Amino acid sequence: MNQKKNFVLAAVATMLLSSAAWAETELTVYTAIEAEDLKRYAETFNQDHPDIKLNFIRDSTGVITAKLLAEKDNPQADVVWGLAATSLLVLKSEGMLEAYAPKGADQLKPNFVDTDTPPSWVGMDAWAASICFNTVEGGKLGLTAPKSWKDLTKPEYKGHVVMPNPASSGTGYLDVSSWLQLFGEKDGWTYMDGLHQNVAAYTHSGSKPCKMAAAGETVIGISFEFRAAKSKAEGAPIDIIIPEEGIGWDMEASAIVAGTAKEEAAKTLLDWSVSKKANEMYNVGYAVVAMPGVAKPVPHLPADIEGKMIKNDFEWAANNRNTILEEWTKRYDSKSEPKS
Amino acid sequence: MAMTIDTALPVGRALRLRLDRDELIKRGLMVVIALYLVVALAAPLAIMLSKSFSTYSFDLARFEFQVSDKDGNWSKPTTAEALNKALNAVPPAKLGTNSDGRLQATSFFPDFSFRSPVKYKIRGTTTDAAYLVGLKLQSGTKWQELTSNDFRRVMLRPSRALGLENYVAYFSTPTLFRSIENSVFIAFISTIVTVGLAFGFAYALNRSCMRFKDAFKLVAMVPILVPSLLPGIALIYLFGNQGLLKDLLMGVPIYGPLGIVVGSVFFAFPHAMLIISTALAISDQRHYEAAASLRASSWRTFWTVTIPGARYGLISAAFVVFTLVITDFGLPKVIGGQYNVLAVDIYKQVIGQQNFEMGAVVSVILLVPAIAAFIVDRMVTKKQVALLSARSVPYQPNPNRGFDTLCFAWCSLVAIFILGIMVTSQFAALVKLWPYDLSLSLKHFAFDRMDGGGWGSYYNSIRLAALTAVIGTVIIFVGAYMVEKTDGFRSGRTAFQFLAMLPMAVPGMVLGLAYIFFFNDPANPLHAIYGTMTILVVCTITHFYTVGHLTALTALKQIDQEFEPVAASLKQPFYKLFARVTVPVCLPAILDISIYMFVNAMTTVSAVVFLYSKDTTLASVAVLNMDDAGDVAPAAAMAMMIFYTNAAARLIHMFLSKALIKRTQAWRMR
């Protein structure tokens, strides 16, 4: 009787032990990837690595970046997978990222990988600035669709343009910094002076201008292209315009958070995140991905996005963010009282 | 004879001892709850506020450079400070910066060219001097040699110190400064409108014999059941550029002050109504009989009996509304247009620019109205006289056709406003693609494809709400009782009262961030609750502490202070009085507090958005995320799901309280 009992106990103990040994590693992943994509990403990853469980903390880019910085002295995240590269640059200059060259990172387009060796972050896919033009409302007002950034300063668009506020939205800063790079510092500010005359509102979120254009709240929304494609797929009467001069862009990127206790699993995730399979997965929503030759056209998106992307100097944009935002706020935010 | 005196004396002493023990227990309980408030509120806030005094500036003495000539001969090491003195390249005013400050090292080398063969060396003179080379963080006193091309990418980083520079910067930036004016203006107008509407409504409910009182009561509480984002979404559907009723505004845009005020009135209305109604609920019939026998007109009676009786509630309500409006960020973010207000400035600083220090400065400025509210509240409380003495006779309104009709009309107007917003939201949740495809569909309710965790979040929200309601009500009511019915211990009670008033003034976002800084510190023994449901419950109770506290106080103030001495003279311990008299008398208020905590826990976003973890995603956060992602209709749909849940909870609560009140409040009827 006693022996039998012991045997059962031993069996239970062995089972417990072995299950502990086989237990999956859990990674805490901070991300700003859209939720509907996130589920798919996790499932695809788990096809190859069923032993690593990904626990996501998902929020908008600003909230996730603020959360990471606030947790700086005691990081909770193991990996950041899918956060704007500009945000990762902030984390990098705080010394919060663990440099690691994922296997196969050399296969990626060079501008999608951090220039340091080993890189602190690797890119996944790009999203680019674009203009959403509501054809129905534009038609009612007799407006023609703009073709370029410069067109937006034409007097006919007065009060019909909405763009994100660079002081509250990363997309807004992307626009401003790209204009300064495209037109040069002096002409860039002159351009924004003109644009400001036509702007009806500066929004706090980057996707909102396009959302407003899709709902007819404004005619022209300066936003980014994959959001626009989503609205268009839902049936909104908008045209997606890629301005002639070239477009600013940012990428979603991944990095290992310095100090993680689960470095092996984190490296596995990063290795996988640059694989061909992962890039094909990104391509479902994004027209431009990090690995060359993978991207297939995405419905509703213009084909020539990658060709129009400017040579974006992320380092310059990160180093000058304070100065540019200060200048922008001084010029436009204090004047932007409601028109009564 | 002498013997009797001897035996009588010890009895007298025993009586006093018994009182002391009561007082000790009361004070002990008060200290425990005060301790809770210190840990859950004061300590995190103190850490957050210390951030507002963290300043950043470039300390040039901390960096040393060497330059080589073409042949590789190094110059003598010079500090950046010495170079700057000689060149005046960076004026002292430009040395102040924020935590993200960067200063290009080449500013100190006027002949710098990235093509030249000249090489540079840099090192810190202290170990913590930090600089970036191509965005990579470096520090230490070891020399680092760089080519011209790499030296171009060297950025000096600022060092931290304590000081008032952030405040100076704030008040010298007109954009930021103007927000104070805007915020106060918005909050002031919203307060007047809301308190006026709410008083009329509460008056009609308590002092008239109009019909459908229960229905009106239900409708009035509806706004509390939905996230504050919802009126913003609904107002845009109604009055936006494509709005159904756009013409009613005659060209005035809904984006801006108008939208914020209308939306604020919507979400603040139930808060004001709850407080004023509690104040009006208990009144002494004898005062009105006295007024009538003195032949005072009903107008005069209103001003001399009703208003003074409800004064405390009115003033509390006004300050609650004022601070609710001034601290809300969801609504102005959605509908504020270019009208900058303080709460949105915090959002811009913290979320947009990750500038925690400046966010903390704006938070400190937002605390000013709360402190003002506290001072005025103290002044009013001193003059407050208990309305319900032990000899009171509860007031019973008499039917009066004209007056009842007027009341009915007033309540109907408010109800139409509230229901209009709700119907619009429901419409927004069902329409396929506003305004181009108006066919109805249920596709926006398929949350599993959306942000925020689908049904899991929904159950988490219910769990959070239930825990918050039960634990929160106990803590709040016991705390309020101890503070109101304790004798002496003045300074302790004042401190407690201040702590209890504080949460109202703290924007949720500030509280949430403060929790990260406080609880995510590995040195904090409470660190373990970070990332759990517990921290969400603690945060939510704290965030909504004030209104519950004020409701409890208003109810408690109406119980005569004589009850305590009477109980003591009957040798009854205070907890018996508490359980047998105080709790039953205050049961309506207690039930109101619990449902208030429940529904707010369901709808709250701003604080918990920083604190939820993978196991504790919440439905309300899902609403915010979906709206942010541009999925307005699904956001409205989820908000309506929260509404239906809250409405169901509220109905259950109503039936429950009806049954309980019938048993405990029979004394109110004659």
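Nothing in this text is a laboratory measurement; each read-out follows from the coordinates by a stated rule. Note that this is a predicted model, so its numbers are computed, not measured. All Cβ positions, even for glycine, are placed from backbone atoms using ideal geometry, and neighbour counts span all protein chains on display.
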### Summary
Amide H contacts under 5 Å for A:Lys53, restricted to residues at least 5 apart in sequence or on another chain and with H modeled in the peptide plane, are A:Thr25, A:Glu26, A:Leu27
### Summary
Tilt, helix B:508-519 to longest principal axis of chain B (alpha-carbon atoms), in degrees rounded to tens, equals 70 degrees
### Message
Of B:Ile254, B:Ser208, B:Val362, which is farthest towards the positive pole of chain B's charge dipole, taken about the Cα centre with +1 and -1 on the beta-carbons of Lys, Arg and Asp, Glu respectively?
### Response
B:Ser208
### Query
Which of the trypsin sites (Lys or Arg not before Pro) found in the range A:259-336 are loop residues per DSSP with 11 or fewer other Cβ atoms within 10 Å of their Cβ?
A:Lys311, A:Lys335
### Query
What distance in nm separates the simple spin-label points at B:Arg115 and B:Arg463, each placed 7 Å from Cα in the Cβ direction?
6.6 nm
### Summary
A correct Kirkwood calculation over the Cα atoms of the protein assembly as shown returns a hydrodynamic radius in Å of 31.2 Å
#### Entry: Acute angle (nearest 10 degrees) that the helix B:545-557 long axis makes with the longest principal axis of chain B, alpha-carbon atoms
20 degrees
### Task
Any of A:Lys311/B:Lys614; A:Lys330/B:Lys85; A:Lys67/B:Lys333; A:Lys67/B:Lys432; A:Lys72/B:Lys348 with alpha carbons more than 27 Å apart? Name them for me.
A:Lys311/B:Lys614; A:Lys330/B:Lys85; A:Lys67/B:Lys432
### Cα centre as origin, Lys/Arg/Asp/Glu Cβ charges: the range B:58-160 dipole, Debye
160 debye
#### Entry: Distance from the range A:80-146 to the range A:178-201 (C-alpha centre basis), Å
22 Å
### Student exercise, chain A dipole from Lys, Arg, Asp, Glu Cβ charges, in Debye to nearest 20
660 debye
### Message
What does the structure give for A:57-65 when I average, per residue, the other chain Cβ atoms found within 10 Å of the residue Cβ?
### Response
6
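Treat the range B:549-628 as a sphere of radius equal to its Kirkwood radius over Cα pairs and apply Stokes-Einstein at 37 °C in a medium of 0.692 mPa s; give the translational diffusion coefficient in µm²/s, rounded to a whole number.
My calculation gives 210 µm²/s for D.
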### Query
Do you know the relative contact order of the range B:58-160, to the nearest whole percent, from alpha carbon pairs under 8 angstrom that are 6+ apart?
32 percent
### Message
I want to check the label-to-label distance for B:Phe212 and B:Glu289. Put each point 7 Å from Cα in the C-beta direction and report it in nm to one decimal.
### Response
3.5 nm
### Message
Using +1 at the C-beta of Lys and Arg and -1 at the C-beta of Asp and Glu, which of B:Ser75, B:Phe112, B:Leu156 has the Cα lying farthest in the positive direction of the dipole of the range B:58-160?
### Response
B:Leu156
### Task
Give the relative contact order (percent, whole number) for chain B; include only Cα pairs under 8 Å separated by 6+ residues.
17 percent
### Query
Residue farthest toward the positive end of the dipole of the range B:560-670, with Cβ of Lys/Arg at +1 and Asp/Glu at -1: which of B:Val623, B:Ala635, B:Ala648?
B:Ala648
### Summary
The residues B:Val537, B:Val133, sorted from fewest to most surrounding Cβ atoms within 10 Å, come out as B:Val133, B:Val537
### Query
Considering every residue in B:340-350, what mean count of other chain Cβ atoms within 10 Å of its Cβ is obtained?
3
### Query
Ratio of the range A:200-340's C-alpha Rg to 2.2 N^0.38 Å, to two decimals?
1.29
### Query
Using the Cα atoms as the points, what is the convex hull volume per residue of chain A in Å³?
166 Å³
#### Entry: A:Ile310 paired with B:Ile416, simple spin-label distance in nm, labels 7 Å along Cα-to-beta-carbon
5.4 nm
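For peptide B:97-105, compute the average count of partner chain beta-carbon atoms within 10 Å of each residue's beta-carbon.
3
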### Query
Where does the Debye-calculated log10 I(q)/I(0) of chain B sit at q = 0.07, 0.12 Å⁻¹, using only Cα point scatterers of equal weight, no solvent?
-0.57, -1.28
### Task
Pull up the DSSP beta bridges for chain B and report the antiparallel fraction as a percent, rounded to 5.
95 percent
### Summary
Percent relative contact order for the range A:20-86, counting Cα pairs under 8 Å at least six residues apart, stands at 50 percent
#### Entry: For the range B:58-160, the Rg and Dmax computed from alpha carbons only, in angstrom
12.7, 40
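Viscosity 0.890 mPa s, temperature 25 °C: give me the Stokes-Einstein translational D for the range A:55-113 in µm²/s, with Rh taken as the Kirkwood radius over C-alpha pairs.
193 µm²/s
Please report the antiparallel percentage of the DSSP beta bridges confined to the protein assembly as shown, to the nearest 5.
Antiparallel bridges make up about 75 percent of those DSSP assigns within the protein assembly as shown.
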